[in-house]
1. For GLY463, are the conditions met, namely being outside any helix (DSSP H, G or I), modelled with pLDDT under 80 and either out of contact with any Leu (no Cβ under 8 Å at 6 or more places or on another chain) or within 27 Å of GLY354 (Cβ to Cβ) (or both)?
2. Condition first: out of contact with any Asp or Glu (no Cβ under 7 Å at 6 or more places or on another chain) and in contact (Cβ under 8 Å) with a residue 24 or more places away in the chain. Now tell me which residues in the range 407-429 satisfy that.
3. Consider the range 371-427. How many of its residues are under 25 Å from the mean Cα position of the chain (by Cα), closer than 23 Å to LEU358 by Cα and exposed (fewer than 15 other Cβ atoms within 10 Å of the Cβ)?
4. Among VAL107, VAL151, which is the only one that is in contact with a strand residue (DSSP E or B) (Cβ under 9 Å, 6 or more places away or on another chain) and either among the aliphatic types (A, V, I, L, M) or in a helix (DSSP H, G or I) (or both)?
5. What pairs come up if the first residue lies in the range 350-372 and is under 19 Å from PHE445 (Cα atoms), the second is part of a helix (DSSP H, G or I) and among the β-branched types (Val, Ile, Thr), and their beta carbons are under 9 Å apart, counting only those six or more places apart or on different chains?
6. Only one residue in LYS163, LYS90 is among the charged types (D, E, K, R), more than 30 Å from ASN401 (Cα to Cα), assigned to a loop (DSSP other than H, G, I, E, B) and modelled with pLDDT under 95. Which one?
7. Show the residue pairs that are 6+ apart or on different chains and have beta-carbon atoms under 7 Å apart, the first residue being within the range 78-90 and of a type outside the set (Phe, Trp, Tyr), the second being modelled with pLDDT of 90 or more and surrounded by 13 or more Cβ atoms within 10 Å (Cβ to Cβ).
8. With respect to GLY121, determine if the residue is in a loop (DSSP other than H, G, I, E, B) and at positive phi.
Amino acid sequence: MTINWSGKRRWIALLLLLAGIAVTIWTPPVIPVIQLPGEVYPSGWKLFGLIPMPNNIVLGSPMTNTMMGSIVVWVLLGLLMFYVSRNMPKSWSEVPRGGFYNFFEMVFEGLYDFISGIAGGNRFFPTIFRMFATIFFIVLLSNWQSIIPGVDSIGFIEPHLDKQTGEPLEGHDVYRTFFGASALNPKCPWVSPEESALLTEAERQTRIANGCRSGISAEVEQTEAEAAVSEEAVVPAESAATEGEAAAEATVIAEGTAVEGEATVIAEGTAVEGEATAVAEGEETQVEGGIGEETGEGEAAAEGEEEHYAPGDPSVPWVALPFLRPPSTDLSMTLALALCAVVMTQVMGFRALGLGYLTKFFNFKTLFTSPLGGIDVAVGLLELIGEIARILSFSFRLLGNVFAGSVLLFVMSFLLPFLPWPFFILEFFVGVIQALVFGLLTAIFMNLATIGHGHDDEHPDEGHAEEGHAESVAAH
């Protein structure tokens, strides 16, 4: 099959290329924050958080963008099942409908034939194929989310601060776009107030021309310096005023001593000391109360400032928290699928062999009757370790490949924003291959789990094979 580029298709491709170059020049791309765990949605967004509780508590687990991606995958699978069931022929005489249904039927039949070549003779083949198909389509839709425009790029705008210390990290300024939406300004990396004081006037003017909101003046640093100087000047003035009041009181006491006599002075002095003590204690109490109130208010304000910032506040850097992220880039999803695959493999083994399936791992029958009995025990323990290791291999193989593919798309879209499509095509096929590998390994392990491991179990298979060979010879 060849594509005809002689018509309008070539002009459409050229127009898209020129549009990509123009957008790149007008708004350079912003590389997103890359982290392995799924990003948690802002406070108030919870999974199943619809039950109000006292003290404004809402039940539910925190929502992450990978969890939302998983919800999208299940919604798409539900729509696919509804579409297929509606368009499936009701009888063999009915002609199948064209379009997407024919394509899906072709893919489904190809996968069915492929797995039947591996486990077709197994009486548990229907269950094995259902497990394979379910895992294949879940992983496929999860992997393909990374090539959908808007995934990993459209989301919430939030301040980028260290979760432990609260220190600002790298980020960008924010500006308003269409319909009042906020966006990161790719031409304005965030500049702290300390760094802003070191910028030249030309650099500040350039940032102002680009629409930056941070790093455009040094007024904050000058204000802080002036406040520090004023505080230093106020302290000596207050101490001088205190000394003047003390000197005036001493003069009054001296005059009273000269006029009224020694006894009166002692009495008045005692009264004055008592009043001074009472006043001093009252002032200290008021000051301590004031400090306590101010401290409480300051802590409350500080807590509020740590959690809430006005959108686009230039005092902190801002990053985008995507609404959606491919679920396969989160270890929680890949580990859950791996556990389902390995647990169902053990279930199939017990269904096929009963408790005799445990002899695969704990084979002590020949320990004291055969010279190789110890080797059988060691092999069984290695099989048990291998089953546990499959969980890790399933999880990290899928996670590593898809996460590396997402990072590759980030980097190449940042370096070659006008021509990233070859890497999107590469990620398209990587998603298919990883889904096929995950499902295929699950089908193989489930098929092996239903096969006996003793010598007695091998003879029936040989007998069936000989019977099949005899039937084929008879047919010829």
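The values are calculated or read from the model by the stated rules, or taken from the named source; none is laboratory data. Source: prediction; values computed, not measured. Cβ sites come from the backbone with ideal geometry, for glycine too, and all protein chains shown count toward neighbours.
1. Values: outside any helix (DSSP H, G or I): no; modelled with pLDDT under 80: yes; either out of contact with any Leu (no Cβ under 8 Å at 6 or more places or on another chain) or within 27 Å of GLY354 (Cβ to Cβ) (or both): yes.
Taking the combined requirement at face value, the residue does not satisfy it.
2. Within the range 407-429, VAL407, PHE410, VAL411, SER413, PHE414, PRO417, PHE418, LEU419, PHE424, GLU427, PHE428 qualify.
3. Residues meeting the conditions: 2.
4. Matching residue, one of VAL107, VAL151: VAL151.
5. ARG351/THR127; LEU353/THR359; PHE362/VAL377
6. None of the other options fit; the residue is LYS90.
7. VAL84/PHE104
8. Numbers: in a loop (DSSP other than H, G, I, E, B): yes; at positive phi: no.
Answer is no for this residue.
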